[in-house]
Amino acid sequence: MKRPCTVLLLALLTGVLTAAQAQNDVDVLFEDGQFKENSEFFRSKKVDFFRIGSTVSDSVEFAIVVYKPDKPSPVLLMSHGWHMSVKPPKADSPNPSPRFLTVQVDMRGRKYSTGRPDCNGYELYDFYDAYKYVTEHYKKYISDPQQVYYMGGSGGGGNGYGLVGKFPDLFCSAQISCGMSDYAEWYRQDSVLKEFRDEMDVWIGTTPEQNPEAYASRSGITTVSNLLTPLYIAHGETDPRVPVDHSRNYVEKARALGKQVTYLELAGVGTRDHWGRITPEQLAQRRALEREALKPHPVPQLPQKGKLVVGGYVVTKHFSVFLDSVDSVGEVTYDLKKHKAKLTRGKGRIVWKEASEGVK
């Protein structure tokens, strides 16, 4: 595996601004449904659509859509919603974020990818693999690989909470909207709608009662102490699909630890559409938060010594830790100056940046 740089990840999907349209910031660039065998990958002057291989899972290939900017720009990775996949572009499709090299990731097991989903397990490493791929193969389009920004909403928000904990010194800023921070709690909250727990049963392979640690390893609330990234979080007060407690609880824990978090809770907002009943004024507040999150931020620096919670794995610019199971939670202490790291909880392996990273 190649040395990590930094990347700009963006998973919140820009779309129409009318609040009446369900998932208005999510559905525009992504779609649901089964894979169509006649769907064609392609490369063009403006956009490329193709698959790349996972470096942590044998035989897994996942699709990415790469929109090329007019001039060298930061890298932007975008995720999709919980039930969704990337929407194949046309050869002349415009870049949804023209200031960036925009990369949409179709996580493993989704419509255009192979493998199976694992709910914030190794599927989050697909983002990192996509980042490494574009920094190697799209160098002329990248202005500064040391700038990392992430935006994610709904399922992409849950991905965001996981990513900032598993890759603690990667992101300069992250904007997360209506994301789930605790998958065990989300499973319990879905007892009435039963819209998401059927996938969690399969993707995680167990229930939170049977294996609470498997759910904890995937939840951003578990790794909040790792946070080095300034977060900009937005959530609707009455969201029934991802209840607002996911943001409230994460923000409370992060602030208690002295982390940098800006939180916008929108009163009366949230129906089956995450942004249902949003007013023009509230929409303007949300847009302002997004703009603030994408302003230049300092590159995060891992402290010279300390400890990190390991939710299955953790990847820094200096070393990586892979537990024996992605369903496990561990802890590692480290000293960069002494070039030492030790697992104080859990079993696994530690790989310093000079060596090959990852697991097969």
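Here, each number is a calculation from the coordinates, and none is a lab measurement. A quick note: this is a predicted structure, and the numbers were derived from the prediction, not measured. When we count neighbours, we look across all protein chains shown, and the Cβ atoms used for this are built from the backbone with ideal geometry, even at glycine.
Projecting each Cα onto the charge dipole of segment 30-303 (Lys/Arg +1, Asp/Glu -1 at the beta carbon, about the Cα centre), which of 150, 217, 66 comes out farthest on the positive side?
Of the options given, the answer is 66.
With a 10 Å Cβ neighbour count serving as the proxy for reagent exposure, in which order, fewest first, do 319, 42, 127 appear?
In increasing order of surrounding Cβ atoms, one gets 42, 319, 127.
Can you give me the relative contact order of segment 139-273 as a percent, contacts being Cα pairs under 8 Å and 6 or more apart?
Contact order relative to length: 26 percent.
Give the order of 322, 50 when sorted by the count of other beta carbons within 10 angstrom, beginning with the fewest.
The order, fewest Cβ neighbours first, is 50, 322.
How much of the DSSP beta bridge set in segment 30-303 is antiparallel, as a percent to the nearest 5?
Taking every DSSP beta bridge with both residues in segment 30-303, the antiparallel ones total about 45 percent.
To two decimal places, what compactness ratio does segment 30-303 give when its Cα radius of gyration is scaled by 2.2 N^0.38 Å?
Ratio of Rg to 2.2 N^0.38 Å for segment 30-303: 0.97.
Please compute the net charge surrounding residue 303, taking Lys and Arg as +1 and Asp and Glu as -1 over other residues with Cβ under 12 Å from its Cβ.
That works out to +1.
Among 162, 128, 172, which residue has its Cα positioned farthest towards the positive end of the charge dipole of segment 30-303, with +1 placed on the Cβ of Lys and Arg, -1 on the Cβ of Asp and Glu, and the dipole taken about the Cα centre?
The one lying farthest along the dipole's positive direction is 172.
Counting only helical runs of four or more DSSP H residues, what would the 222 nm mean residue ellipticity of the chain come to if each run contributes -39,500 (n - 2.57) and the total is spread over all its residues?
That calculation yields -5500 deg cm²/dmol at 222 nm.
Which helices count as membrane-span-like in the chain under these terms: full DSSP H, at least 15 Å along the axis by C-alpha, Kyte-Doolittle mean of -0.5 or more?
Counting only whole DSSP H runs, the qualifying helices are 155-166.
Measuring from label point to label point, each 7 Å out along Cα→Cβ, what is the residue 256 to residue 279 span in nm?
3.3 nm
Quote the charge dipole size of the chain about the Cα centre in Debye, to the nearest 20; the model charges only the Cβ of Lys and Arg (+1) and of Asp and Glu (-1).
1440 debye
Give, in nm to one decimal, the length gained when the segment between residue 43 and residue 295 is fully stretched (0.36 nm per residue of separation minus the Cα-Cα distance).
87.7 nm
Considering only 334, 280, 192, whose Cα is most displaced toward the positive end of the charge dipole of the chain, charges sitting on Cβ of Lys, Arg (+1) and Asp, Glu (-1)?
334
Give the cross-link partners of residue 353 among the lysines, using a straight C-alpha distance below 23 Å as the criterion and excluding same-chain residues fewer than 8 apart.
2, 132, 139, 166, 305, 307, 317, 337, 338, 340, 342
Order of 223, 207, 279 from fewest to most other C-beta atoms within 10 Å?
The order, fewest Cβ neighbours first, is 279, 207, 223.
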